[in-house]
Amino acid sequence: MSTRKVGFFRFLLLWLPSLIYKFIGDMRNFMYENGILKSKEYDLPIISVGNISVGGTGKTPHVEYVLRMLKSDFKTAMLSRGYKRKTRGFRIVEADDDYTLCGDEPLQVKRKFGDDVVVAVCESRTEGVEKLRELYPDLNVIVLDDAFQHRRINPGLHMLLINYDYPISKDHVLPLGRLRESKSNVHRAHLLVYSNCPLKLTPIERRLLTKEVGVLPYQHLSFTSVLYEDPKPVFSNAKKLNNDRLKDCNVLAVTGIAHPENFVDMLMQKSKGVVHIPFSDHHAFSASDIARIQKTYDEMGAPKVVIVTEKDAVRLRTNKFLGDKIKSSMYYIPIKIELLCDEEEKKMFNNQIISYVRNNKRYNKLYNNSL
């Protein structure tokens, strides 16, 4: 059967479920926007970082960008649901937690920022916010991770991420496409960010992307790219590895993230060669997974290293199936977000976030985005 026929039959199979999913989402948003369902507002600044499509937009690095900006001047907290953790309810994340207690991304953030940022997890965002306010009465701002669809809270500032590689204008609602809700709901965002852009984004591309998303007068659109830093050891018995040494190495890339293509491409450019073993997002590595990784690694030519993503490193650190030999060759690559604009525009972007927090001792919307 041809690819075109497969695509056609897939469309027929998933069109109706997608239409039903879209209708339910549209009705839910209609009820929130018309006061039938109530959103809660709080007397301290709340920033939401989320997306409108599933996976791969870089929420955690963008959350870290915001936290890094705020932590020096404000008592800052991050609240996440703690995806795939094995606990329930509200929990303060500690740096020595196992990822199963809180989720890999919250633990990554806590280990990176330490005491500078309070990190908590809770399935209910309203309960989480109220617990944080109770425990930390001097709190100045809460950053909500992956909360664009969690409408029980009405944040003062919504940052919405759109993956450059997966434009929403050409996508469909789940399960036919990757959208969590109708693309028209982009209007709820204050800051729009095209993430995972190439470092050299042309002016023509910027104009086309701006036109595609349909930026409204109260919205600010920015473009970001990922910066990959020097590899760091996952375990203490690994020697230091910099990008100069990496050029001569064969790399076994192990990924458990939504879209590993850019990560693998980067490794191919920085190393002698790459063998890639992909796993699903937030994958819990089993004994058989580790045995497969070990076997593949043993068959590779020297010099060789294992490179994992920063998020995978959080899950692998406590993996009981890893042997000392492979631990001594395992590294992760830290990433940061880079705004693709001049210094003046960067300052404007950052100031919108800082000014919102500074000027909103009590709840106050940054923009009036009622349509």
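The values are calculated or read from the model by the stated rules, or taken from the named source; none is laboratory data. Since we're looking at a predicted model, the values are computed, not measured. Methodologically, a virtual Cβ is constructed for each residue, glycine included, from the backbone with ideal geometry; neighbour enumeration extends over all protein chains shown.
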Please indicate, with yes or no, whether at least one residue in the range 198-217 is in a strand (DSSP E or B) and either crowded, with 20+ Cβ neighbours inside 10 Å or assigned by TED's automatic domain parsing to the domain that holds Lys346 (or both). no
Tell me whether the range 41-54 contains one or more residues that are touching a residue at least 40 places away in the same chain (Cβ under 8 Å), of a type in the set (Gly, Ala, Ser), in contact with a Lys or Arg (Cβ under 8 Å, 6 or more places away or on another chain) and under 21 Å from Ser222 (Cβ atoms). yes
Which one of Met78, Met69, Met27 is in contact with a Pro (Cβ under 8 Å, 6 or more places away or on another chain) and at pLDDT 95 or above? Met78
Does Thr318 count as touching an Asp or Glu at 6+ places or on another chain (Cβ under 8 Å) and surrounded by fewer than 18 Cβ atoms within 10 Å (Cβ to Cβ)? yes
Considering the range 151-170 alone, what residues qualify as being surrounded by 17 or more Cβ atoms within 10 Å (Cβ to Cβ), in contact (Cβ under 8 Å) with a residue 60 or more places away in the chain and part of a loop (DSSP other than H, G, I, E, B)? Arg151, Asn154, Pro155, Gly156, Tyr166
Taking the condition of being in a strand (DSSP E or B) and either free of Cβ contacts under 8 Å to residues at least 24 places away in the same chain or over 21 Å from Thr57 (Cα atoms) (or both), how many residues in the range 120-141 meet it? 2
Filter the range 321-338 down to residues that are surrounded by 17 or more Cβ atoms within 10 Å (Cβ to Cβ) and over 17 Å from Val264 (Cα atoms), then give me how many there are. 5
Do we find that Ala95 is among the hydrophobic types (A, V, I, L, M, F, W, C), closer than 27 Å to Leu174 by Cβ, part of a loop (DSSP other than H, G, I, E, B) and outside the structural domain of His283 (by TED's automatic domain parsing) in this structure? no
Only unsatisfied item for Ser225, checking (1) more than 23 Å from Gln108 (Cβ to Cβ); (2) surrounded by 14 or more Cβ atoms within 10 Å (Cβ to Cβ); (3) in contact with a Pro (Cβ under 8 Å, 6 or more places away or on another chain); (4) of a type outside the set (A, V, I, L, M, F, W, C), is (1)
Exactly one of (1) modelled with pLDDT under 95; (2) on the phi < 0 side of the Ramachandran plot; (3) outside any helix (DSSP H, G or I) is unmet by Gly35. Its number? (2)
Is it fair to say Pro278 is in contact with a strand residue (DSSP E or B) (Cβ under 8 Å, 6 or more places away or on another chain) and within 13 Å of Ile333 (Cβ to Cβ)? no
Can you tell me which residues in the range 55-74 are at negative phi and either among the small types (Gly, Ala, Ser) or not in a helix (DSSP H, G or I) (or both)? Thr57, Lys71, Ser72, Asp73, Phe74
Test set (1) free of Cβ contacts under 8 Å to residues at least 12 places away in the same chain; (2) more than 27 Å from Leu157 (Cβ to Cβ); (3) more than 23 Å from the chain's Cα centre (by Cα) - Arg292 fails condition number: (1)
Checked against (1) under 28 Å from Tyr166 (Cα atoms); (2) of a type in the set (A, V, I, L, M); (3) exposed (fewer than 14 other Cβ atoms within 10 Å of the Cβ); (4) in contact with a helix residue (DSSP H, G or I) (Cβ under 9 Å, 6 or more places away or on another chain), Met78 satisfies every condition except (3)
Please list, ordered by residue number, the helices (runs of 4 or more DSSP H) wholly in the range 240-327 having 3 or more residues that are more than 27 Å from Thr100 (Cα to Cα). 243-246, 261-270
May I ask you to list the residues in the range 218-253 that are assigned by TED's automatic domain parsing to the domain that holds Val305, farther than 17 Å from Glu310 by Cβ and hydrophobic (A, V, I, L, M, F, W, C)? Cys249
Go through the residues of the range 103-110 one by one and say whether even a single one is over 30 Å from Lys183 (Cβ atoms), part of a helix (DSSP H, G or I) and under 16 Å from the mean Cα position of the chain (by Cα). yes
Test: residue in the range 273-280 that is surrounded by 15 or more Cβ atoms within 10 Å (Cβ to Cβ) and either in contact with a Gly (Cβ under 6 Å, 6 or more places away or on another chain) or closer than 23 Å to Asn351 by Cα (or both): yes
